[in-house]
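J.: Below is one structure. I have some questions about it.
Bear in mind these aren't lab numbers, they're just calculated from the coordinates by the rules spelled out. These figures come from a predicted structure and were not determined experimentally. A quick note on method: Cβ atoms are made from the backbone with ideal geometry, for glycine too, and the neighbour counts reach across all protein chains shown.
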């Protein structure tokens, strides 16, 4: 939408007629930018409403399990879903600003239309690659994934707030550059569609400046180094999720309730060898979770294989014992049910350094 809002006038050759009717290039730019923004906001609202309706039809109005295993009441989950959709507006606006810039700078070339999609694809692929956490959060599309932090208790707000700020900054810079190019264009020349080398230099290359600036600011503000995935963080996240889900399994089996504080769940993780540093993403994480039940002297243990993604999300695959996490079903008083401890998702807070209370 944004990538075609100006280029369509170049293809049709209607700029002179439009400017004669409206007279002010600033007014033309503002009207077209607001028109594109209106369409994008309506599309995002439509996606939010349709996905929420689909979720209610598929799952229903019942408690959900967060990314740390903590149960979320239906009302709480609904609020977090709404906040997540509001958060993704920031990267959406960033891509829209890039679309406006491409539409102005590249004229009738189809590359202006494709630019936002190509940028989004490139940044999505970059998110899948191991990279320093400061660089990851400095990408204007990072809020498309960091909204997951809303579904933990407490919420992992820092990466999300950084992603929102970066997305809005990119939207402002790209839109301002697009307006600057548009106002400097010679509309009296019918062969000038703004797609010359000068337009590319003034429009496309300056995007490297906000990229470098956001990386520098995020690095200085957070002090984050490396991937952000460290042994202590993985152990803490896994133990927290296990404790929450253990309570869920206890309720399924009809056993006496136990709190996370009394379980005192801990985890010890490595990457399969003392010669390999226990940090960074990978599918070679191996963890042993230990916990204590009231009145039982011996500690319980369970083994997990972890696949940790570069963005901090992980899948914990149970590897025994069978009665705890070694089988995908548990036998409950009402019949077989899915075992919440067999395989579950979780997330490592990339910027977290403080320990989270086990009471969750």
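J.: When the expected Rg is taken as 2.2 N^0.38 Å, what fraction or multiple of it is the alpha-carbon Rg of the stretch 25-104? Intermediate results must be reported in sequence, preceding the final value.
T.: Working: Rg = 17.2 Å, N = 80, 2.2 N^0.38 = 11.6 Å.
That works out to 1.48 for the stretch 25-104.
J.: Quick check on the chain: helices-only [θ] at 222 nm, where DSSP H runs of length 4 and up contribute -39,500 (n - 2.57) each and the sum goes over total residues. Nearest 500, please. Walk me through the numbers before you get to the answer.
T.: Details: 13 runs with 182 residues, N = 360.
The per-residue figure over the chain is -16500 deg cm²/dmol.
J.: Could you work out how far the C-alpha centroid of the stretch 150-185 sits from that of the stretch 251-269, in angstrom?
T.: After rounding, the separation between the Cα centres reads 41 Å.
J.: I've got another one for you. In whole Å, largest first, what are the principal axis extents of the Cα atoms in the stretch 7-222?
T.: 64, 40, 25
J.: Another one. Can you sort 313, 23, 184 so the residue with the fewest Cβ neighbours within 10 Å comes first? The partial results should precede the final answer.
T.: Details: 313 16, 23 9, 184 12.
Ranking 313, 23, 184 by Cβ neighbours within 10 Å, fewest first, gives 23, 184, 313.
J.: Where does each of 95, 19 land when they are ranked from fewest to most other beta-carbon atoms within 10 angstrom?
T.: Numbers: 95 25, 19 16.
Listed from fewest to most nearby Cβ atoms, that is 19, 95.
J.: When N is the residue count of the stretch 231-347, what does its C-alpha Rg come to as a fraction of 2.2 N^0.38 Å?
T.: Working: Rg = 14.3 Å, N = 117, 2.2 N^0.38 = 13.4 Å.
For the stretch 231-347, the normalised Cα radius of gyration is 1.06.
J.: Translational diffusion coefficient, Stokes-Einstein: compute it for the chain using the Kirkwood radius over C-alpha pairs as Rh, at 37 °C and 0.692 mPa s, and state it as an integer in µm² s⁻¹.
T.: Values: Rh = 23.1 Å.
Estimated diffusion coefficient is 142 µm²/s.
J.: How would you rank 153, 332, going from fewest to most other Cβ atoms within 10 Å of each one's own Cβ?
T.: On the way: 153 17, 332 13.
Exposure proxy ranking, most exposed first: 332, 153.
J.: Between the helical axis of 89-105 and the dominant principal axis of the chain, each derived from Cα atoms, what acute angle in degrees is found, rounded to the nearest 10?
T.: Between helix and principal axis, roughly 30 degrees.
J.: Let me ask something else about it. Among 110-118, 48-56, 1-9, 267-275, how do they line up from the highest to the lowest mean number of other beta-carbon atoms within 10 Å?
T.: Values: 110-118: 18.0, 48-56: 12.2, 1-9: 22.9, 267-275: 14.9.
In decreasing order of mean packing, 110-118, 48-56, 1-9, 267-275 become 1-9, 110-118, 267-275, 48-56.
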